[in-house]
Amino acid sequence: MLAYFTQYVALGDSMSIDLYPALDAGEFDVAVALERDPAAGSVAPLGAASLLYQNDNARWPEDQGDDLAARYPGITYRNLASDGATIGDVFGEQLAQLDEGDENTLVTLTVGGNDLLSAFANKPRAGVLDAIARDVAEAYDFLLDAIRRTLPNALILLTTIYDPSDRTGRIPGVLEAAGALPLSVLDGMNAHIRMLCGGTPNVVLADVYTRFLNHGAGVPDEERWYWRRSLMEPNATGAHEIRRVWREALDAADLDT
């Protein structure tokens with residue numbers, strides 16, 4: 001059995017935040033929609049991290065009682081993830097908000113997608129792109145090491161990066177001028193994340209990439225798990241599915257211990 005977690009910390013990018021699922025569900029203050037800023041008003045806790053911590057029983061009644069708050073009574077929750085965050089942002093801004101300690105902590109990490117998109121935007125030559133991909137992977141390793149040093153008793157769920165293009169390399173409204181995106185780089189980064197999970201103690205794979213295939217640009221709107229106004233962001237169903245992947249990964253880790 002896993003240790004009894006006393007705190008949950010969400011680190012990363014918009015895959016973990018409430019903003020886009022709440023906008024999709026229509027559960028937000030008007031100022032939030034106008035400014036695209038969750039600090040402008042109330043935003044419903046419908047993001048993946050919030051749902052993992054405490055289910056929305058009205059929206060997802062089948063998951064009632066199947067959340068961290070029920071599983072680990074008294075567990076605290078901090079969502080430090082931010083919209084558009086890169087690996088550098090997680091290291092320099094989010095992780096910096098955590099004190100070092102030996103508390104039994106569950107950490108979810110969603111990062112790397114924005115780093116890759118920034119590289120794709122400039123349409124670099126193949127050799128340059130390969131070098132950038134290596135740099136992103138090395139930065140990811142550095143971040144993971146830093147999380148493990150800060151929270152030595154943490155179980156860390158590393159989340160693969162989803163592909164809104166559904167293997168076409170084209171995401172409507174996103175970097176369309178760049179042409180087909182080099183999916184081999186995304187594949188390489190996800191392979192690196194899987195490798196880390198296979199060889200690092202207390203690090204577990206949460207394979208969102210595989211779960212989200214065929215729920216993006218390749219299917220009708222009603223079958224998509226991405227926000228209709230930006231296919232890079234999870235909608236309400238997408239956040240629910242990310243939460244499910246995390247929960248399944250946690251359950252599998254519990255059985256393996």
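Data table
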{"quantity": "Qualifying residue in the stretch 48-68 (condition: closer than 18 Å to ARG243 by Cα, among the basic types (Lys, Arg) and in contact with a Phe, Trp or Tyr (Cβ under 9 Å, 6 or more places away or on another chain))", "calculated": "no"}
{"quantity": "Flag if THR110 is modelled with pLDDT of 95 or more, touching a Gly at 6+ places or on another chain (Cβ under 7 Å) and either surrounded by fewer than 19 Cβ atoms within 10 Å (Cβ to Cβ) or of a type in the set (S, T, N, Q) (or both)", "calculated": "yes"}
{"quantity": "Count of the stretch 67-82 residues which are in a loop (DSSP other than H, G, I, E, B) and surrounded by 16 or more Cβ atoms within 10 Å (Cβ to Cβ)", "calculated": "6"}
{"quantity": "Helices (runs of 4 or more DSSP H) (entirely within the stretch 117-230) containing at least 1 residues that are touching a residue at least 60 places away in the same chain (Cβ under 8 Å) and within 15 Å of the chain's Cα centre (by Cα)", "calculated": "183-199, 208-212"}
{"quantity": "Contacts under 6 angstrom Cβ, first residue in the stretch 83-111 being within 23 Å of THR160 (Cα to Cα), partner surrounded by 19 or more Cβ atoms within 10 Å (Cβ to Cβ) and among the charged types (D, E, K, R), 6 or more apart", "calculated": "ALA85/ASP13; THR86/ASP115; ILE87/ASP115; THR110/ASP13; VAL111/ASP13"}
{"quantity": "VAL107 vs. criteria touching a strand residue (DSSP E or B) at 6+ places or on another chain (Cβ under 7 Å), within 26 Å of TYR20 (Cβ to Cβ) and not aromatic (Phe, Trp, Tyr)", "calculated": "yes"}
{"quantity": "Only listed residue being within 23 Å of LEU19 (Cα to Cα), surrounded by 17 or more Cβ atoms within 10 Å (Cβ to Cβ) and aliphatic (A, V, I, L, M), chosen from LEU129, LEU143, LEU158", "calculated": "LEU158"}
{"quantity": "Any hit, the stretch 233-256, residues being part of a loop (DSSP other than H, G, I, E, B) and surrounded by fewer than 19 Cβ atoms within 10 Å (Cβ to Cβ)", "calculated": "no"}
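The values are calculated or read from the model by the stated rules, or taken from the named source; none is laboratory data. Only a predicted model underlies this, so the values are computations on that prediction, with no experimental measurement involved. So basically every Cβ, Gly included, is an ideal-geometry build from the backbone, and we count neighbours across all protein chains shown.
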